[in-house]
1. Hey, with R₀ at 30 Å, roughly what FRET efficiency would Glu31 and Gln60 work out to, going by the Cβ-Cβ distance, to 0.05?
2. Just to be sure I follow the definition: excluding the sites themselves, where is the longest run in the chain that has none of the trypsin sites (Lys or Arg not before Pro) in a DSSP loop with at most 13 other Cβ atoms within 10 Å?
3. Between [x] 9.7; [y] 8.0; [z] 6.8, which entry matches mean projected area of the Cα convex hull in nm² as derived from the coordinates of this structure?
4. Under a point-charge model restricted to the Cβ atoms of Lys and Arg (+1) and Asp and Glu (-1), what is the dipole moment magnitude of the chain relative to its Cα centre, in debye to the nearest 20?
5. Chymotrypsin sites (Phe, Trp or Tyr not before Pro), restricted to the stretch 21-99: which are DSSP loop and have at most 15 other Cβ atoms within 10 Å?
6. Please give, to one decimal in nm, the separation of the simple spin-label points placed at Ala6 and Gln70, each 7 Å out from Cα toward the Cβ.
7. With a cut-off of at most 15 other beta carbons within 10 Å, and DSSP calling the residue loop, which GluC sites (Glu not before Pro) in the chain qualify? Please list them.
8. Can you name the helices of the chain, as whole DSSP H runs, whose Cα span along the helix axis is 27 Å or more and whose Kyte-Doolittle mean is not below -1.0?
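Nothing in this text is a laboratory measurement; each read-out follows from the coordinates by a stated rule. Note that the structure is a prediction, hence the values are computed from the model and not measured. FYI the Cβ positions are ideal-geometry reconstructions off the backbone, even for glycines, and counts take in every protein chain you see.
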Amino acid sequence: MAGPVATAAEAQALIAERIPDIAFADIKLQEGELAYNLIDYLHQRGSRVVVISGYAVLSQRLWNVAAILQKPFSETDLLATLLRVMSDLLSRSDQVGVC
């Protein structure tokens, strides 16, 4: 586990140390910075991205995310989403022979 971070630059510094299997990213970062490029960056490196957002309508740029959690969300919603993404991650690993 790594983070939390407030900016895309901080996130990229952490990713340079270790690419996460699953990453949670809010669309709106510190000082109005948007996370779309960060989400693409994570996806290109094989991370499964869960987007957290309070926006009612989200950009179509989110085609490459594993899941979207709408704020506010409950602990149950968070755990269910995490389990679903982990299950998908494990099933894809089985398909390519990764242990």
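1. On the way: r = 24 Å, r/R0 = 0.82.
Efficiency, rounded to the nearest 0.05: 0.75.
2. Free of exposed loop sites, the longest segment is 46-99.
3. [z]
4. 200 debye
5. Details: sites: Phe24, Tyr36, Tyr41, Tyr55, Trp63, Phe73; in loops: Tyr55, Phe73.
Counting only loop positions with at most 15 other Cβ atoms within 10 Å, the chymotrypsin sites (Phe, Trp or Tyr not before Pro) in the stretch 21-99 are Tyr55, Phe73.
6. Between Ala6 and Gln70, the simple spin-label model gives 3.0 nm.
7. On the way: sites: Glu10, Glu17, Glu31, Glu33, Glu75; in loops: Glu33.
Counting only loop positions with at most 15 other Cβ atoms within 10 Å, the GluC sites (Glu not before Pro) in the chain are Glu33.
8. On the way: long enough: 75-96 (32 Å, 0.21).
Once both thresholds are applied, what remains is 75-96.
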